[in-house]
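The values are calculated or read from the model by the stated rules, or taken from the named source; none is laboratory data. On a predicted model such as this, the values are computed, not experimentally measured, just so you know. All Cβ positions, even for glycine, are placed from backbone atoms using ideal geometry, and neighbour counts span all protein chains on display. Just the protein is used for accessible areas: all its heavy atoms, side chains included, with ligands, DNA and RNA removed. Shrake-Rupley method; radii C 1.70, N 1.55, O 1.52, S 1.80 Å.
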Amino acid sequence: MHWIARVVNWSLVAFFKHEGWTIEGAAPTTTRKFVIIAAPHTSNWDFVYFLGAADALNLKLSFMGKASLFRWPFARLMRDLGGVPVDRSRSGDTVQAMADEFARRDEFMLTIAPEGTRGKAAQWKTGFYNIALRAGVPIVPGKMDYRRKVVALGQAIMPSGDYEQDLAKFAAFYRDCTPRHPERATVL
């Protein structure tokens, strides 16, 4: 890992602890390949706190980023921080590209904000679900609860193919969560 990435990572962990955040739950112990839902996503601070918790949770998180973020001089830093470039200018199949990424790696923990935005979304996008389904990996719900200052991971759920049924399981996990901006939260 590049020294800049180490400094950024150390800074995020230190900030997380300094702000008094804690952790609940744990990552799956039977696999190191899964999709993590990071929700509700209503602020850029969500990313900061989630990455700050990743070290204590023993997670080497990855995230998708638009390909333009992976150009010099930031390309190495973005990859060292867990970024996976996605070319959104082509009408390629992002779901298949991420499923292929899961197949290539021994360890891959892909973090996705299912709303696809920090603003108010009518509903979650289904990309996270389709990626996990196609890759044959479980989905781990993760939340940032600002009222309690807790980053929590729930039980891993293997997608059944019945999105509505599985979504109900996720809704139960997020029911008591207070996002940074509640008015922007997507209701499940």
(request) Enumerate the aspartates and glutamates that Lys149 could reach by cross-link, defined here as Cα to Cα under 15 Å, with residues fewer than 8 away along the same chain left out. (result) Glu19, Glu24, Asp46, Asp176
(message) From the Cα trace of the range 24-95, what convex hull volume per residue do you get, rounded to a whole Å³?
(response) 126
(message) Once you keep just the Cα pairs under 8 angstrom separated by 6 or more residues, what percentage relative contact order results for the chain?
(response) 30
(message) Could you derive backbone 3J(HN,Hα) for the range 46-54 from the dihedral phi with the Karplus parameters 6.51, -1.76 and 1.60 (θ = phi - 60°), listing whole Hz in sequence and x where the residue is Gly or Pro?
(response) 4, 4, 4, 5, 5, 5, x, 7, 4
(request) State the extension gain, in nm to one decimal, for the chain segment bounded by Asp55 and Asp176, taking 0.36 nm per residue of separation less the distance between their alpha-carbons. (result) 41.1 nm
(message) Need one number: nm distance between label points at Lys120 and Ser11, each 7 Å from Cα along Cα→Cβ, rounded to one decimal.
(response) 3.4
(request) Extending each Cα 7 Å along its Cβ direction at Lys169 and Arg76, get the distance between those two points in nm, one decimal. (result) 4.2
(message) Going by amide H atoms built from the backbone, whose H comes under 5 Å of the H on Glu24, apart from near neighbours?
(response) Val151, Ala152, Leu153
(request) Run through the DSSP bridge list for the chain and note the antiparallel percent, rounded to the nearest 5. (result) 20
(message) What are the ³J(HN,Hα) couplings of the range 146-159, residue after residue, when phi is run through the Karplus curve with 6.51, -1.76, 1.60 and θ = phi - 60°? Round to Hz, x for glycine and proline.
(response) 6, 5, 9, 6, 10, 9, 10, 10, x, 5, 5, 10, 7, x
(message) With a 1.4 Å probe and all protein chains left in place, how much accessible area per residue does the chain have, in Å²?
(response) 54
(request) Mind jotting down the distance between the C-alpha centroids of the range 19-87 and the range 133-173, whole Å? (result) 16
(request) Provide the convex hull volume over Cα atoms per residue for the chain, in Å³. (result) 120
(request) Please report, as a whole percent, how much of the solvent-accessible surface of the range 11-79 comes from carbon and sulfur atoms (probe radius 1.4 Å). (result) 59
(request) Give me the net charge of Asp80's neighbourhood, meaning all other residues with Cβ under 12 Å from the Cβ of Asp80; Lys, Arg count +1, Asp, Glu -1. (result) +4
